[in-house]
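Take a look at the structure below.
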């Protein structure tokens, strides 16, 4: 519903929709933490959907999610992640790009660069992008989420990465995010994160 998305735009960082969120103090603080972290085998990469959750059930890891981040921002900071030489990277990013009006083509181009840079990581789990709640004003965003996920699945196969389809579990009959899984139309409830982790752990377990 539109009211959920409207609320989400209010509670997200104001700099989310700025052209250069990397200049924001919070972003710089997270970059500093990333530079200072010790080498770790597992790194979670993403935006607020990753940043705002504790992934401790996956064991020793580093949460390199940054609220408000985009594919451009990830490209800017990816080398800090690669310097830690992780064995496994879990990646979800892209919804902020779409909310900001970045073209699908540009997001795909950025993703290609990101995935190429991750090619030497032993295991990459490429997560589908989640939709926002459905409304007439969010239809184009969710249509682009669907298209982006098709692209990501193809790219995962090309790079021999693990594609993790969260999208199919989170959408409702209107192709939007199920309201029981979201607090504001974008971010997830505890139940939403529980489902995310359950799906991801199934992908981890055969390895």
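The values are calculated or read from the model by the stated rules, or taken from the named source; none is laboratory data. Keep in mind the model is a prediction, meaning the values are calculated, not measured. Heads up, the Cβs are rebuilt from the backbone with ideal geometry, glycines too, and the neighbour counts pull from every protein chain shown.
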query = Of the residues 34, 12, which single one is in contact with a helix residue (DSSP H, G or I) (Cβ under 8 Å, 6 or more places away or on another chain), at pLDDT below 90 and closer than 19 Å to residue 88 by Cα?
reply = 34
inquiry  = Suppose we filter the stretch 159-168 for residues that are out of contact with any helix residue (DSSP H, G or I) (no Cβ under 6 Å at 6 or more places or on another chain) and not in a loop (DSSP other than H, G, I, E, B); how many remain?
reply    = 1
key: Selection status of residue 77, surrounded by fewer than 16 Cβ atoms within 10 Å (Cβ to Cβ) and in contact with a helix residue (DSSP H, G or I) (Cβ under 8 Å, 6 or more places away or on another chain)   = no
inquiry  = Restricting to the stretch 87-141, count the residues that are touching a residue at least 12 places away in the same chain (Cβ under 8 Å), assigned to a loop (DSSP other than H, G, I, E, B) and either surrounded by 15 or more Cβ atoms within 10 Å (Cβ to Cβ) or within 17 Å of the chain's Cα centre (by Cα) (or both).
reply    = 13
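Per-residue answers, yes or no, for (1) over 18 Å from residue 91 (Cβ atoms); (2) out of contact with any strand residue (DSSP E or B) (no Cβ under 9 Å at 6 or more places or on another chain):
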| position | (1), (2) |
| --- | --- |
| 138 | yes, yes |
| 148 | no, yes |
| 163 | no, no |
| 197 | no, yes |
query = Can you name the condition, by its number, that residue 64 falls short on among (1) within 17 Å of residue 24 (Cβ to Cβ); (2) modelled with pLDDT under 95; (3) not in a helix (DSSP H, G or I)?
reply = (2)
task = Output the number of the condition that residue 191 fails; it satisfies all remaining conditions of (1) out of contact with any helix residue (DSSP H, G or I) (no Cβ under 8 Å at 6 or more places or on another chain); (2) without any contact (Cβ under 8 Å) to a residue 12 or more places away in the chain; (3) part of a helix (DSSP H, G or I).
result = (1)
